[in-house]
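The values are calculated or read from the model by the stated rules, or taken from the named source; none is laboratory data. Being a predicted model, the structure only gives us computed values, none of them experimental. Cβ placement follows ideal geometry from the backbone for every residue including glycine, while neighbour counts extend to all protein chains displayed. To get the accessible areas, we keep the full protein, side chains included, count just its heavy atoms, and leave off ligands, DNA and RNA. Shrake-Rupley method; radii C 1.70, N 1.55, O 1.52, S 1.80 Å.
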Amino acid sequence: MTKEEKLVVINSLAEQLEAYPHFYITDIESLNAEQTAALRKKCFEKEVKLVVCKNTLLAKALEKVEKADAELVKVLEGSTSVMFTHVAKNPAVLIKEFRKTADKPVLKAAYAEGGVYVGDDQIETLCNIKSKEELIADVIALLQSPAKNVISALQGNAGQKIAGIVKTLESRNN
């Protein structure tokens, strides 16, 4: 591979690292052609882009976009593929599902929701990770819950009792 070809690959990887907020570094080395095709199909269905690349080129692309975390660079050994995604937990769910039929892919590291997760034991954590939007929705639901309880109480039998108590108190003041 010439320097120009390497530069094209580095730039392409750097563009994808900037375009996608989350990525997983995995090992899919021992998958046969049929398994690889099935994995690529699942990736397409989950809107995950799968790219196989050389470790040195990925390291240079990570440096270029200033995501070259020491933990991420350290895992760049052996066969490496990268899963790019807009939804942080999609690749983790995909890996977990795919492992029911094969031993791979193995998670080396992931950059999801601004954090770095290293090691295959992080799959479960990544499957349960919530996006910023999901966390905001949870907070809003928690804030709305007490208000909904008060409104439903006022609309039900308790509301009639409260109205009666208010009426009684008003008549006492007059």
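Do we have E170 as surrounded by fewer than 17 Cβ atoms within 10 Å (Cβ to Cβ), within 22 Å of Q16 (Cα to Cα), over 16 Å from the mean Cα position of the chain (by Cα) and modelled with pLDDT under 90 here? When the stated conditions are applied, E170 does not pass them.
For segment 15-34, how many residues are touching a residue at least 24 places away in the same chain (Cβ under 8 Å), aliphatic (A, V, I, L, M) and farther than 19 Å from K108 by Cβ? First the steps, then the outcome.
Step one: list which residues in segment 15-34 are touching a residue at least 24 places away in the same chain (Cβ under 8 Å), which gives 16-31.
So of that shortlist, the ones also aliphatic (A, V, I, L, M) come out as 17, 19, 25, 28, 31.
Okay, now just the ones that are also farther than 19 Å from K108 by Cβ, so 19.
Total meeting the criteria: 1.
Each residue in segment 89-128 was checked for being over 21 Å from L76 (Cβ atoms), open to solvent by less than 40 Å² (accessible area, probe 1.4 Å), at pLDDT 90 or above and assigned to a loop (DSSP other than H, G, I, E, B), and 0 of them qualify. Looking at T2, T56, just one residue is surrounded by fewer than 18 Cβ atoms within 10 Å (Cβ to Cβ) and at pLDDT below 90, and that residue is T2.
State which residue is farthest from A59 (Cα to Cα) when the search covers only segment 94-123 and only residues that are acidic (D, E) and free of Cβ contacts under 8 Å to residues at least 24 places away in the same chain.
Here is the first cut: in segment 94-123, the residues acidic (D, E) are 97, 103, 113, 120-121.
Filter again for free of Cβ contacts under 8 Å to residues at least 24 places away in the same chain, leaving 120-121.
Details: D120: 20, D121: 23 Å.
So, considering only residues that are acidic (D, E) and free of Cβ contacts under 8 Å to residues at least 24 places away in the same chain, the one farthest from A59 (Cα to Cα) is D121.
Going through V106, V139, V75 one at a time, which residue ends up being under 16 Å from L50 (Cβ atoms) and out of contact with any Pro (no Cβ under 9 Å at 6 or more places or on another chain)? Give the derivation first.
Working: V139 fails: under 16 Å from L50 (Cβ atoms); V75 fails: under 16 Å from L50 (Cβ atoms).
Sole residue among the options that is under 16 Å from L50 (Cβ atoms) and out of contact with any Pro (no Cβ under 9 Å at 6 or more places or on another chain): V106.
Has segment 33-50 got any residue that is surrounded by 15 or more Cβ atoms within 10 Å (Cβ to Cβ), out of contact with any Leu (no Cβ under 7 Å at 6 or more places or on another chain) and assigned to a loop (DSSP other than H, G, I, E, B)? No, the conditions are met nowhere in segment 33-50. Within segment 63-91, residues that are without any contact (Cβ under 8 Å) to a residue 40 or more places away in the chain sit with their Cβ atoms under 6 Å from residues that are surrounded by 14 or more Cβ atoms within 10 Å (Cβ to Cβ), at 6+ positions apart or across chains, in these pairs: A68/L62; V73/A59. Checked against (1) closer than 19 Å to E15 by Cα; (2) under 12 Å from the mean Cα position of the chain (by Cα), I123 meets all criteria but (1).
For segment 21-32, the set of residues classified as charged (D, E, K, R) and open to solvent by less than 90 Å² (accessible area, probe 1.4 Å) consists of D27 only.
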